[in-house]
Amino acid sequence: MVLKEATILVIDDDLDVLTALRLLLKPLVKEVVIEKNPSNIGSQIESKAFDIIILDMNFNGLVNTGNEGIFWLNEIKRQKPETAVVLITAYADIDLAIRALKEGASDFLVKPWKNEKIINTVTTLLQNKKSKNKKGTISQSNNSILGESDAIKDVFLKIKKVAPTDANVLILGENGTGKDLIAKALHDNSNRKDKPFVKVDVGALTSTLFESELFGYKKGAFTDAKEDRKGRFESANGGTLFLDEIGNIGLGQQVRLLTVLQNRLVTPLGSNESIPIDIRLICATNIDPKVLADESKFRKDLIYRINTLDIMVPPLRDRGTDVTLLSKHFINIYADKYNKSPYTLDSGFVSKLKKHDFPGNVRELQYVLERAVIMTDGTVLKAEDLVFSSIERSTTSTVAKTMNLDDIEKNAILTVLEKNKGNVSKSAKELGITRAALYRRLDKYEL
């Protein structure tokens with residue numbers, strides 16, 4: 001993507017900052033949209049596709065977390081995970097900005113900034129996006145789900161058969177297996193492919209946010225409802241709604257969801273009028289099907305509604321030679337991303353890959369190979385270049401050796417963060433603390 005074709009959203013509560021960035025970028029790109037109120041981020045990114053979002057780290061208390069930038073970054077990534085986000089931060093916020101990079105930010109700019117730095121950052125991100133598009137790495141058809149094993153071929157066959165229908169699908173599988181890719185492939189090969197594909201991580205929604213996020217609300221429905229907002233059901237109208245981590249919602253939320261699916265009507269909070277919806281529903285969970293069969297935890301009538309057909313995504317350890325095929329694919333991507341020469345894999349490297357059971361599945365494989373490409377100086381990847389995560393091992397070892405309360409708390413946080421793929425909202429919920437409390441502990445233990 002060239003600069004002239006780009007659309008950029010700038011979010012800052014300082015009008016001077018918005019004006020300066022708009023004047024700087026407007027002559028270079030297709031469109032610059034400015035926004036003072038971060039609460040409008042959701043509606044902005046639903047109504048328009050942005051290539052890059054430039055986001056301030058601090059606002060005037062609209063979100064009471066102490067880490068507003070990270071909060072809004074997570075909101076953007078939850079709705080539009082493919083969008084590049086650049087943070088604007090003061091010198092005092094550098095540690096916070098670095099932590100935000102781990103949460104998915106693409107880069108950060110320090111105030112006062114240099115115009116050349118902003119232009120170079122935007123240009124680089126757009127070039128990376130263009131490179132990825134050429135390689136098809138963000139293509140969301142079933143062709144982007146690589147594999148030749150019988151296990152993955154069975155998944156391809158199910159996608160081919162069920163995608164053209166409007167049947168509700170439940171995708172099952174461990175963390176990191178690519179359930180979101182399967183969901184997008186179903187949409188991209190359906191009759192609704194030209195309509196919206198809306199993803200919601202329902203497992204991360206509190207009971208308070210569940211209804212407002214899914215069903216929308218009217219202005220004045222609650223204290224912070226400054227304007228009408230569409231829910232995700234309405235935003236997906238005509239297209240596909242993908243509810244990720246469906247197995248983590250409570251029985252009360254299940255009842256509300258079931259009512260909407262039965263009646264095909266949503267009623268926004270603060271409204272007496274119901275809105276008809278036409279969606280294709282896809283759900284996903286990493287929870288064992290036996291747990292879903294327990295009616296004390298999940299309603300059977302809801303299972304019947306969401307599970308016309310299920311697709312079990314196999315773990316990487318059951319996919320045989322796909323490990324080698326995927327490894328070559330990811331190594332080529334990261335070699336290009338980090339401007340490295342093409343790599344060859346020696347027999348020790350391949351053997352070590354095949355022996356590892358990859359508890360984190362394809363996602364773990366990606367991270368391991370990215371690390372190898374970054375750290376290797378030559379053009380041959382060897383066994384010693386392959387370093388697997390030691391978090392799980394070190395956590396178990398430390399717990400066995402110490403009864404220090406700080407160590408126990410730190411290890412519990414590490415374990416839950418690893419389990420939830422670094423998702424702070426879900427981790428805080430599982431730990432039984434607020435996001436702000438978890439951030440304080442992350443600072444305390446320098447995690």
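The values are calculated or read from the model by the stated rules, or taken from the named source; none is laboratory data. The structure presented is a predicted model; accordingly, all values stated were derived computationally and were not measured. Here Cβ is always computed from backbone atoms with ideal geometry, including for glycine, and neighbour counts include all displayed protein chains. The area values use the complete protein model at the heavy-atom level, side chains included, leaving out ligands, DNA and RNA. Shrake-Rupley method; radii C 1.70, N 1.55, O 1.52, S 1.80 Å.
If I model a spin label at ASP228 and HIS356 as a point 7 Å from the Cα along the Cα→Cβ vector, what separation in nanometres do I get? About 5.2 nm separates the two model spin labels. Among THR344, THR223, THR259, the largest mean-square fluctuation in a Gaussian network model of the chain (Cα springs under 10 Å) belongs to THR223. The coefficient of translational diffusion for the stretch 235-331, derived via Stokes-Einstein from the alpha carbon Kirkwood radius under 20 °C and 1.002 mPa s, stands at 134 µm²/s. Per residue, the chain exposes 49 Å² of accessible surface when a 1.4 Å probe is rolled over the protein heavy atoms with every protein chain present.
Taking a 26 Å limit on the Cα-Cα distance, which of the listed pairs LYS26/LYS111; LYS153/LYS354; LYS77/LYS382; LYS26/LYS184 fall beyond it? In this structure, LYS77/LYS382; LYS26/LYS184 lie more than 26 Å apart at Cα.
Of all DSSP-defined beta bridges confined to the stretch 196-350, some 30% are antiparallel rather than parallel.
Approximating the spin labels as points 7 Å out from Cα along Cα→Cβ, the ILE408-to-LEU325 distance works out to 4.8 nm. Here THR208 and THR124 are evaluated by their C-beta separation; at R0 = 30 Å the FRET efficiency comes out at 0.15. Between ASP294 and ALA151, the FRET efficiency estimated from the beta carbon spacing at R0 = 25 angstrom works out to 0.40. If I model a spin label at GLU46 and LEU309 as a point 7 Å from the Cα along the Cα→Cβ vector, what separation in nanometres do I get? For the pair GLU46/LEU309, the computed spacing is 3.0 nm. Per-residue packing, averaged as other Cβ atoms within 10 Å, sorts the ranges 301-308, 236-243 into the order 236-243, 301-308, beginning with the highest. The share of accessible area on the stretch 159-251 that comes from carbon and sulfur is 46 percent, using a 1.4 angstrom probe.
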